[in-house]
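Below: the structure, in structure tokens.
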Amino acid sequence: MLKVLTGGPGSGNGAAPLALALWEAFAPRRAMLIGRARRWPSNLGILVLDAVLVRLLIPVAAVGIAVIAAQRGWGLLNITPWPGWLETLIGFLALDLAIYAQHVAFHKVPLLWRLHRMHHADLDIDVSTGLRFHPIEIILSMLIKIAVVLLIGVPAVAVIAFEVVLNATSMFNHSNAALPLWLDRIVRLLLVTPDMHRVHHSVLRHETDSNFGFNLPWWDRLFGTYRPQPEAGHDRMTIGLPIFRDPAELRLDRLITQPFRDDTGATAASGAQCRHGGNP
Ligand SMILES: [Zn+2]
Ligand SMILES: [Zn+2]
């Protein structure tokens, strides 16, 4: 039985509950009153619900902090006599600029890049990539947003609007949905389009380090990080990173551990050449 617990070659994350479930199934200590069939769907449902709640609760906390800051007069916009619509607009723009700056920082600071690169290691890019962020990055990102809310005094309505818009635009600009080129050119003046963000998921580092915007496309143009199209074209460009190119890396447990691992295999070596434009 100990062998089951310590696990064989197949053991990994999630092995312990599985081993214990098998153990209690084959060697139960006492007879159960209700059994698994009626209890497990609910008990596992709670696990999923808790995970979803965390995703919702942290943004709610940011809104709550905006309300408290407004009541106490904390933050720049809470000491200005400007009209509500103007403060909402400024608050929204401040949050979007902060997310842009945060994204640049997550690329430039090696420790933060380790967390963020899981988002980039996806070997394809579609709507689901827009949800693929490491939990630690999500928590850090929310703390940064809360700091901006406190410092700027962002109105609660702007925080809610920003969260709703950012979730929608992030899924939109990661999607593999085809947009006619003429329409892309127009939409791109106001919003980051899928074609614009796809450049950011290129395997070439200079393309990865461009188009940091998630929502408004203006910051990239303003700060010189805008790159209109991928060099290889959208059909031929390679998506992902030079490291973690093994499809086995797409497994959930691998995603979670990627920040703490380095890919030292042959693919990483050939990837390093890609990183320098393919010229040895
Ligand atoms: Zn990025
Ligand atoms: Zn992305």
Quiz prompt | Residue of Asn43, Asn173, Asn215 that the Gaussian network model of the chain assigns the largest fluctuation, springs spanning Cα pairs under 10 Å | solution = Asn43
Exercise. Apply the Karplus parameterisation 6.51 cos²θ - 1.76 cosθ + 1.60, with θ equal to phi minus 60°, to every residue of the stretch 52-64 and state each ³J(HN,Hα) to the nearest whole Hz, in sequence, with x for glycine and proline.
Key: 5, 4, 4, 5, 8, 5, 5, x, 4, 4, 4, 5, x
Quiz item: Considering only the other residues whose Cβ falls under 13 Å of the Cβ of Ile79, what net charge follows from Lys and Arg at +1 and Asp and Glu at -1?
Solution: 0
Exercise. Give the calculated FRET efficiency between Trp40 and Val157 to the nearest 0.05, with a Förster radius of 45 Å applied to their Cβ-Cβ distance.
Key: 0.60
Exercise. Please turn the phi angles of the stretch 160-171 into ³J(HN,Hα) values with the Karplus equation 6.51 cos²θ - 1.76 cosθ + 1.60 (θ = phi - 60°), one per residue in order, whole Hz, x for glycine and proline.
Key: 5, 4, 5, 4, 5, 5, 5, 4, 5, 5, 5, 6
Quiz item: For His134, what is the net charge nearby, where nearby means another residue's Cβ is under 14 Å from its Cβ and Lys, Arg count +1, Asp, Glu -1?
Solution: +2
Quiz item: Hey, fewest Cβ within 10 Å first, where do Tyr100, Tyr226 land in order?
Solution: Tyr226, Tyr100
Practice problem: Evaluate E = 1/(1 + (r/R0)^6) for Leu181 and Thr80, where r is the Cβ-Cβ distance and R0 equals 45 Å; express this FRET efficiency to the nearest 0.05. | Solution: 0.60
Self-check item: Residues Phe223, Phe244, sorted so that the one with the fewest Cβ neighbours within 10 Å comes first
Solution: Phe223, Phe244
Quiz item: Can you give the net charge of the other residues whose Cβ lies under 11 Å from the Cβ of Ala62, counting K and R as +1 and D and E as -1?
Solution: 0
Quiz item: Which value, in debye to the nearest 20, describes the size of the charge dipole of the chain about its Cα centre when Lys and Arg Cβ atoms bear +1, Asp and Glu Cβ atoms bear -1, and nothing else is charged?
Solution: 820
Exercise. Kindly put Thr193, Thr238 in sequence by how many other C-beta atoms sit within 10 Å of each C-beta, fewest to most.
Key: Thr238, Thr193
Self-check item: Top positive-direction residue, dipole computed over the chain with Cβ charges, set Val165, Leu18, Ala94
Solution: Leu18
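Quick note: the coordinates plus some simple rules give every number you see, no bench work behind them. Note that the structure is predicted; figures quoted are calculated from it, not measured. Note: ideal-geometry Cβ built from the backbone for every residue, glycine included; neighbour counts use all protein chains shown.
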